[in-house]
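The values are calculated or read from the model by the stated rules, or taken from the named source; none is laboratory data. Computed from a predicted model, the values in this text were never measured in an experiment. Using ideal geometry, Cβ is built from the backbone for each residue, glycine included, and neighbour counts are taken over all protein chains shown. In case anyone asks, the SASA skips ligands and DNA or RNA and just uses the protein heavy atoms, side chains included. Shrake-Rupley method; radii C 1.70, N 1.55, O 1.52, S 1.80 Å.
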Amino acid sequence: MAKILVVEDDVNLIFTLSEFLGSENHVVEVVKDGEEAVSRLSYFQYDLVVLDWNLPSTSVSGLDVLRQYRARGGKIPVLLLTGRSTISEKEVGLDSGADDYLTKPFHLKELAARIRALLRRPADTLPSNTLKVQNIELDPVSKKVTVNGARIHLLPRDYSLLEFFMRHPDQVFSNEALLERVWHSESEATAEALRSSLKRIRSKIMDVDCKLIENIPKVGYRLKSNAGD
């Protein structure tokens, strides 16, 4: 199983890719424009990116997303999707940092094979900076989370929320900010969904008195980096 970010604006293709990759036991997150892709790649870790070159004209292009990501030191595999098929265009895509290139239209079995090949890359070529806050450790590459050295298992959305908090310790975020960053515009992005996710996380990390993930009345939530604060 891999955590895959799909950057694509074609609604039909988004549905097809989400259904197919989900059936391959991957965790799939979708964004529809380049600006959102840049933001998501800045805050979260993925195992692979499936990136459309031709994004909406109001956004940065897929190629811009790729170049910015590589310029920041991003190392995970990127599979570029495009209708461009000339040798010179493929050269531009690969030279910009793509690990592989798939021309539309394509067969889903070929996509799956290319993804498997990219995911076989040695683990030491991927970023592995473990996040540590108090007694919690989170490895963005393996998705392993431990509390006092013991591994815990989180639902994908709960994992993303905890990862976001651990990347921004001691910062207070409103409900709206957390929903926008972690849930984005999905239909289940509600205050109740956030509260339920926080409740599950707290039970897993043994934060029964809510002193680690702190509720700031009428403001929002923060993850405290120091138990004494």
Report task. Would you check if there is a residue in region 202-220 being small (G, A, S) and either open to solvent by 30 Å² or more (accessible area, probe 1.4 Å) or without any contact (Cβ under 8 Å) to a residue 12 or more places away in the chain (or both)? Result -> yes
Report summary line: Screening A113, A177, A117 for residues that are within 28 Å of K218 (Cβ to Cβ), open to solvent by less than 70 Å² (accessible area, probe 1.4 Å), out of contact with any Ser or Thr (no Cβ under 6 Å at 6 or more places or on another chain) and free of Cβ contacts under 8 Å to residues at least 60 places away in the same chain leaves only A177
Report task. For region 138-175, name all the residues that are closer than 21 Å to M1 by Cα, at pLDDT below 90 and assigned to a loop (DSSP other than H, G, I, E, B). Result -> P140, V141, S142, K143
Requested in this report: Report yes if P169 is under 26 Å from K75 (Cβ atoms), touching a residue at least 40 places away in the same chain (Cβ under 8 Å), touching a strand residue (DSSP E or B) at 6+ places or on another chain (Cβ under 8 Å) and surrounded by fewer than 17 Cβ atoms within 10 Å (Cβ to Cβ), otherwise no.
Outcome: yes
Query raised in the report: Before we move on, is P127 open to solvent by 20 Å² or more (accessible area, probe 1.4 Å), in contact with a strand residue (DSSP E or B) (Cβ under 6 Å, 6 or more places away or on another chain), at pLDDT below 90 and not in a helix (DSSP H, G or I)?
Result: no
Requested in this report: At least 3 residues that are closer than 25 Å to L155 by Cα in each: list the strands (runs of 3 or more DSSP E) lying fully within region 1-105 that qualify.
Outcome: 3-7, 27-31, 48-52
Report summary line: Within region 176-229, residues part of a loop (DSSP other than H, G, I, E, B), within 21 Å of the chain's Cα centre (by Cα) and at pLDDT 85 or above come out as T190
Query - Of the criteria (1) over 30 Å from F165 (Cβ atoms); (2) surrounded by fewer than 17 Cβ atoms within 10 Å (Cβ to Cβ), which one E24 fails - result: (1)
**Report entry** Any hit, region 28-37, residues being of a type in the set (A, V, I, L, M), touching a residue at least 12 places away in the same chain (Cβ under 8 Å) and open to solvent by 20 Å² or more (accessible area, probe 1.4 Å)
**Finding:** yes
